[in-house]
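A short worksheet on the structure shown next.
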Amino acid sequence: MKKVNISIIIRILSNHVKEFNPPLIESVSENYRNPFFILVSTILSARTKDSLTEKVCNILFKHVKSLNSLEKISLSKLEQLIKPVNFYKTKARHLKELPKLLKDEFNNKIPKDVDSLVKLPGVGRKTANIVSAIAFGLDAIGVDTHVHTIMNRLGYVKTSNPEETEKELRRKVLVKYWKKINYLFVPFGQNICTPVSPHCSACFIRKYCNRVGVKTKR
Ligand code: SF4
């Protein structure tokens, strides 16, 4: 198996990323420059397509613009606003729990570090890393299924879930690249290294890839 040079791969993907739609969170952070919006949109995006989450966020953020307005809105109204996203009832419940928890435990502020963020309802490690990196500019690696799958296909890590992949990436990737990983690999996974049958013939990093576990490709 050839050795994977992640710096070269990151450089190549950086040159191509503009060809694809950016991950949801990048457009949210451009349109709504505020940790509150970034946290809420990331919670809503779990197991839901970015394009759908973005539509829901644009509607929701007309009604809910702060922790204060989130506290005031009724659960049923919130459910109605976010209904198109998967697991909307659970997500609405988690969102409604946020204001009180932040008041009680975090001085009414959204925490910046991953270990504190994961204590919030509906926030797993991926969400926590993305919020920490995008909303607060801290070094963090948001690992979703795309990042996890691609890193394993490349042969850069050998892991069985995104949490393990995050740990390995934190150990192996230079810190200066951490914030770029999600931004580069999510659109690449949505468009080229797709979960089922990746487009290897159109892939601009194919000569660096070991295609581990790839059985069908295009
Ligand atoms: S060569 Fe195929 S498996 Fe490897 S990164 Fe490219 S699309 Fe993914």
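The values are calculated or read from the model by the stated rules, or taken from the named source; none is laboratory data. All values reported here derive from a predicted model rather than from experimental measurement. Virtual Cβ from ideal backbone geometry, glycine too; neighbours counted across all protein chains shown. What goes into the accessible areas is simple: the full protein's heavy atoms, side chains included, and nothing from ligands, DNA or RNA. Shrake-Rupley method; radii C 1.70, N 1.55, O 1.52, S 1.80 Å.
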Check your understanding: List the pairs whose first member sits in segment 187-212 and is of a type in the set (Lys, Arg), whose second member is surrounded by 14 or more Cβ atoms within 10 Å (Cβ to Cβ), and whose Cβ atoms are under 9 Å apart, counting only residues at least 6 apart or on separate chains?
Key -> ARG206/CYS200; ARG211/ARG153; ARG211/LEU154; ARG211/GLY155; ARG211/PRO198; ARG211/CYS200; ARG211/LYS217
Check your understanding: Which pairs have Cβ atoms under 9 Å, sit 6 or more apart or on different chains, and link a residue in segment 75-90 that is under 14 Å from GLU54 (Cα atoms) to one that is polar (S, T, N, Q)?
Key -> PRO84/THR48; PRO84/THR53; VAL85/SER45; VAL85/THR48; VAL85/THR53; ASN86/THR48
Exercise for review: Counting only residues that are more than 30 Å from SER69 (Cα to Cα), give me the helices (runs of 4 or more DSSP H) lying completely in segment 89-196 with at least 3 of them.
Suggested key: 145-154, 162-172, 178-191
Review point. Of all residues in segment 174-216 being within 6 Å of the ligand (Cβ to nearest atom) and charged (D, E, K, R), which is most open to solvent (accessible area, probe 1.4 Å)?
Key: ARG206
Point to revise | Which listed residue, of GLU26, GLU79, is open to solvent by less than 70 Å² (accessible area, probe 1.4 Å), modelled with pLDDT under 95 and among the charged types (D, E, K, R) | key: GLU26
Practice item. Looking at (1) surrounded by 21 or more Cβ atoms within 10 Å (Cβ to Cβ); (2) more than 17 Å from the chain's Cα centre (by Cα), find the lone condition where LEU39 falls short. Key: (2)
Practice item. Test LYS65 against the criterion of being modelled with pLDDT under 95, more than 22 Å from ASN182 (Cα to Cα) and open to solvent by 30 Å² or more (accessible area, probe 1.4 Å), and give yes or no. Key: yes
Check your understanding: What about LEU154, is it touching a residue at least 60 places away in the same chain (Cβ under 8 Å) and within 16 Å of the ligand (Cβ to nearest atom)?
Key -> yes
